[in-house]
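The values are calculated or read from the model by the stated rules, or taken from the named source; none is laboratory data. In this text the structure is predicted, and so the values were computed from the model without any measurement. Ideal geometry is used to build each Cβ from the backbone, glycine not excepted, and the neighbour counts take in all protein chains shown.
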Amino acid sequence: MTGLCGSKLTRLSIGSWRLVFGMAFVACVLASAQTKQLPGPISISVDATEAAQKVLHAELSIPTKPGALTLYYPKWMPADHSPDGPIWNLAGLQFSAAGKSIPWSQDDVDMYPFHVDVPQGATSVPAKLAFLLSAPGPSVDFSASGTARLFVLMWNQVVLYPSGWPASQITFQPKLTVPKGWTSHTALPIAEQSSEAITFKPVTLDLLIDSPVQSGAYTRVIPLTPGENLSHEIDLAADSDLALDIPPAVIGNYKNLVKEAQALYQSHHYREYHFLLTLSDNIMGLGQEHHESSDDRVPANALSDSNQRLLRADLLPHEFTHSWNGQYRRPEGLATPDFQQPMKGELLWVYEGLTTYLGTVLAARSGLRSTEQTCEHIALLASTLDHRAGRTWRSLENTSRAAQILYFSPSEWTSYRRGTDFYPESVLIWLEADVTIRKLSDGRRSLDDFCRTFLGGSETMPVIKTYNFDDVVAAMNEIAPYDWRRFFLERLQSVDAHAPLGGLTGGGWQLTYNDEPNLMITASQATPGAVDYTSSIGVLVKADGTVQDAIPGLPAYQRGVRPYTRILAVNGRQFSIEELNKALAESKKHAAPIVLLISNAGFVESHEVEYHDGLRYPHLVRNESAHDYLDEILKPRVAQ
Ligand SMILES: [Zn+2]
């Protein structure tokens, strides 16, 4: 058992265990804190009655003593793995003591600490602040969390907390008032509620920030485990009653999801689980994990429209998996004691990457995607990564390490820059690990066993158990002895031009291309996103002709097509996705190039793209001479 005393902000730890939600203190923490009294409960009262008018008001009372006081606005958000606490939308900040206003200053280097001098005689500092809500735009903005009929309270947006203590030791007493007639849902334990005013039970700062509250005029609760001791539910909020009408078969799939997750992990680390699912076109799209809930925000028709449903089928399986992988088990570098200390993202290929693989698998096992749809999903993912221009200069490991900047990079130039590829590429790596275990053990063991032992473990309350790379390697060796260190490092540090497809070929499948549309690309054509021509001329194009990306080395790029331009015409006809598809299909029949007329910041250019392979879409095909491991992996474990 090794304590982690020594850092200024001492981690509440027992060996690699870190208890959140402040129910047990350990000797090493108290030893470091013995000269300093623990701060008493901080009261926070959030008035969200003007949420529809885009502003939240909060009043805090922070127990303290006279002298210098440093308060932090949360900076490093655990689920974002980034220093992106939206401090730019903090407003109206005022402090007082003994009824008089007192001045404050912001740190001159780091914008998140605030300093106040607490006058003699004061025992607490009341603070008032506002948080300004925004609307969804082209860039990531966590302030876009409310509409005229609903909002999601992310507590980090309205809290300040004193420096010098781990978040697991600071207690808050929260209250919330929502607009008249609105209903609220959260995993945060409630002490009492009278119509729109909710008083929560006292909680540690960790739990508070880990427990968003969804509130709205149009809501619906869908129990997923009715009659069982352990409650799981989908809490829907939408801008209209119409959006709450979900096909019963889809609800059945989500019930399957809970059963399949239980079969996979065979334990849980929550007291109850809430999918806080917000259906709105006026809120930022999001999937954000927590121990006992997830904050999932999708378009209004995401569950009723079959294309939208197919594209997002793995969202809830992914966020649910995070309760085990990411929340219960977390890389050491991402388990910081408060929200101020920087995080290290180098193991995000496990935290997010393995979760993406398991989200894909659980979506198939629960029926949210058919096996055919899952194969199409994996084919598109594999094709995209196999054409990633940036993979020869930036390793996958580096995309993990650089996550805190890559999350905020634009969609344009993604192929050359690389984005957060540790999500999709880890699907291929963990698939290969899964297939390898099955082969090594003659089918007796699989990655499911690793999930059960490493991510499941014993039943606990919401706690964090940290790990490092060596722990992952050791746990894999427990399941099937192999050189797992080399296996992972070779794939993580590779600068090979091609994606690791060994899991597909080893699993009995082959990535191939033909002119049959890929089901995922077809579904995306019915949404506002870009249409994927990666495997033909090498561009991603929106319905209005905007070139979102052009892939170096592929035909369009070679003839000068670049992102941040717009295609006006194809072979002399006004641009549309249909015209581009027609030109690609006809490219096989003659030797003439495809002529693209493009607007480049107002200057019109003509580009002759030499391409003659017709429409070309990625698919998986069976290699009948090899064992079908993929089918085994995707099969339900529970009778449905
Ligand atoms: Zn995730």
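Would you check if ASP210 is of a type in the set (Asp, Glu) and either surrounded by fewer than 21 Cβ atoms within 10 Å (Cβ to Cβ) or in contact with a helix residue (DSSP H, G or I) (Cβ under 7 Å, 6 or more places away or on another chain) (or both)? No; evaluated as a whole, the condition is false for this residue.
Between ASN301, ASN325, which is of a type in the set (S, T, N, Q) and buried (at least 19 other Cβ atoms within 10 Å of the Cβ)? If you could, list the steps in order and put the result at the bottom.
Numbers: ASN301 fails: buried (at least 19 other Cβ atoms within 10 Å of the Cβ).
Selected residue: ASN325, the only one of ASN301, ASN325 that is of a type in the set (S, T, N, Q) and buried (at least 19 other Cβ atoms within 10 Å of the Cβ).
Of the listed requirements (1) in contact with a strand residue (DSSP E or B) (Cβ under 7 Å, 6 or more places away or on another chain); (2) of a type outside the set (S, T, N, Q); (3) within 16 Å of the ligand (Cβ to nearest atom), LEU381 misses just one: (1).
Given the structure, is LEU554 among the aliphatic types (A, V, I, L, M), closer than 21 Å to SER415 by Cα and at pLDDT 95 or above? Talk me through it step by step, then tell me what you get.
On the way: among the aliphatic types (A, V, I, L, M): yes; closer than 21 Å to SER415 by Cα: yes; at pLDDT 95 or above: yes.
Against the criterion (among the aliphatic types (A, V, I, L, M), closer than 21 Å to SER415 by Cα and at pLDDT 95 or above), LEU554 qualifies.
Could you please tell me which pairs satisfy a Cβ distance under 7 Å, a separation of 6+ or placement on different chains, a first residue in segment 218-238 that is touching a residue at least 24 places away in the same chain (Cβ under 8 Å) and closer than 16 Å to TYR270 by Cβ, and a second residue that is β-branched (Val, Ile, Thr) and not in a strand (DSSP E or B)? If the second residue must be β-branched (Val, Ile, Thr) and not in a strand (DSSP E or B), the pairs left are LEU224/VAL258; THR225/VAL258; SER231/THR225; HIS232/THR225; HIS232/VAL258.
Pairs are defined by a Cβ separation below 7 Å, a sequence spacing of at least 6 or placement on different chains, a first member in segment 412-436 that is over 20 Å from ILE551 (Cα atoms), and a second member that is of a type in the set (Lys, Arg) and away from the ligand (no atom under 16 Å from the Cβ); the pairs so defined are ILE429/ARG491. Does segment 254-272 contain any residue that is hydrophobic (A, V, I, L, M, F, W, C), without any contact (Cβ under 8 Å) to a residue 60 or more places away in the chain and surrounded by fewer than 19 Cβ atoms within 10 Å (Cβ to Cβ)? No, segment 254-272 has no match at all.
Going by what's in this entry, would SER194 be described as closer than 14 Å to ILE42 by Cα and at pLDDT below 95? No: the conditions fail for SER194. Restricting segment 278-291 to residues that are in contact with a strand residue (DSSP E or B) (Cβ under 6 Å, 6 or more places away or on another chain) and under 20 Å from MET77 (Cβ atoms), the residue that is surrounded by the fewest Cβ atoms within 10 Å (Cβ to Cβ) is GLY285. Here THR522 fits the description: farther than 18 Å from HIS607 by Cβ, outside any strand (DSSP E or B) and out of contact with any helix residue (DSSP H, G or I) (no Cβ under 7 Å at 6 or more places or on another chain). A Cβ distance below 6 Å, combined with a sequence gap of six or more or placement on separate chains, defines the contacts here; from segment 524-548, residues that are at pLDDT below 95 reach residues that are of a type in the set (Lys, Arg) in the pairs ALA530/LYS542.
Conditions (1) under 24 Å from TYR73 (Cβ atoms); (2) touching a helix residue (DSSP H, G or I) at 6+ places or on another chain (Cβ under 7 Å); (3) within 13 Å of the ligand (Cβ to nearest atom), marked per residue:
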{"site": "GLN308", "(1), (2), (3)": "no, no, no"}
{"site": "ASP314", "(1), (2), (3)": "no, yes, yes"}
{"site": "GLY326", "(1), (2), (3)": "yes, yes, yes"}
{"site": "GLY333", "(1), (2), (3)": "yes, no, no"}
{"site": "VAL350", "(1), (2), (3)": "no, yes, yes"}
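Restricting attention to segment 580-604, report how many residues are surrounded by 14 or more Cβ atoms within 10 Å (Cβ to Cβ) and assigned to a strand (DSSP E or B). Total meeting the criteria: 7.
Out of all the residues in segment 189-212, which are of a type outside the set (Gly, Ala, Ser) and closer than 19 Å to ARG297 by Cα? Don't jump to the end; show me each part of the working.
To start, the set of residues in segment 189-212 that are of a type outside the set (Gly, Ala, Ser) comprises 189-190, 192-193, 196, 198-210, 212.
Within segment 189-212, ILE209, ASP210, PRO212 qualify.
Residues considered: ALA403, ALA389, ALA363. Of these, the only one that is more than 16 Å from the ligand (Cβ to nearest atom) and either within 23 Å of HIS498 (Cβ to Cβ) or touching a helix residue (DSSP H, G or I) at 6+ places or on another chain (Cβ under 7 Å) (or both) is ALA389.
Taking SER323 as the residue in question, decide whether it is touching a His at 6+ places or on another chain (Cβ under 9 Å), modelled with pLDDT of 95 or more and farther than 24 Å from GLY146 by Cα. So SER323 passes the test. With the condition kept exactly as written, say whether any residue in segment 363-381 is closer than 15 Å to SER494 by Cβ and within 19 Å of the chain's Cα centre (by Cα). For segment 363-381, residues closer than 15 Å to SER494 by Cβ and within 19 Å of the chain's Cα centre (by Cα): absent. Every condition in (1) more than 16 Å from the ligand (Cβ to nearest atom); (2) in contact with a Ser or Thr (Cβ under 8 Å, 6 or more places away or on another chain) is met by ASN398 except one, and the failing one is (2).
Among the conditions (1) in a loop (DSSP other than H, G, I, E, B); (2) of a type outside the set (D, E, K, R); (3) over 24 Å from SER458 (Cβ atoms); (4) within 11 Å of the ligand (Cβ to nearest atom), the only one that ILE283 does not satisfy is (4). Filtering ALA243, ALA261 for residues that are within 16 Å of the ligand (Cβ to nearest atom) and either closer than 27 Å to PHE142 by Cα or not charged (D, E, K, R) (or both) leaves a single hit, ALA261.
Please specify each residue of segment 151-180 satisfying the condition of being in a loop (DSSP other than H, G, I, E, B) and polar (S, T, N, Q). Spell out how you get there, then give the answer.
Looking only at segment 151-180, we keep the residues that are in a loop (DSSP other than H, G, I, E, B), and these are 154, 158-160, 163-166, 170, 178-180.
Within segment 151-180, just SER163 meets the criteria.
Give segment 323-342 a look and list any residue that's more than 23 Å from LEU276 (Cβ to Cβ) and touching a residue at least 24 places away in the same chain (Cβ under 8 Å), or say none. Don't jump to the end; show me each part of the working.
Kept after step one, since they are more than 23 Å from LEU276 (Cβ to Cβ), are these residues of segment 323-342: 331-333, 335-338, 340-342.
Within segment 323-342, PRO331, GLU332, ALA335, THR336, PRO337, ASP338, GLN340, GLN341, PRO342 qualify.
Looking across segment 580-625, the residues that are basic (Lys, Arg) and more than 26 Å from HIS377 (Cα to Cα) come down to LYS588, LYS589.
Quick check on segment 545-579: of everything there that is among the charged types (D, E, K, R) and assigned to a loop (DSSP other than H, G, I, E, B), which residue is farthest from TYR533 (Cα to Cα)? Quick ask: steps written out before the conclusion?
Looking only at segment 545-579, we keep the residues that are among the charged types (D, E, K, R), and these are 549, 559, 562, 566, 573, 578-579.
Then keep just the ones that are assigned to a loop (DSSP other than H, G, I, E, B); that gives 559, 562.
Details: ARG559: 15, ARG562: 14 Å.
Once the filter is applied, the top-ranked residue is ARG559.
Restricting attention to segment 436-465 and to residues that are among the basic types (Lys, Arg) and assigned to a loop (DSSP other than H, G, I, E, B), the residue that is surrounded by the most Cβ atoms within 10 Å (Cβ to Cβ) turns out to be ARG445. Taken over segment 294-306, residues that are more than 16 Å from the ligand (Cβ to nearest atom) and either under 26 Å from LEU264 (Cα atoms) or hydrophobic (A, V, I, L, M, F, W, C) (or both) amount to 3.
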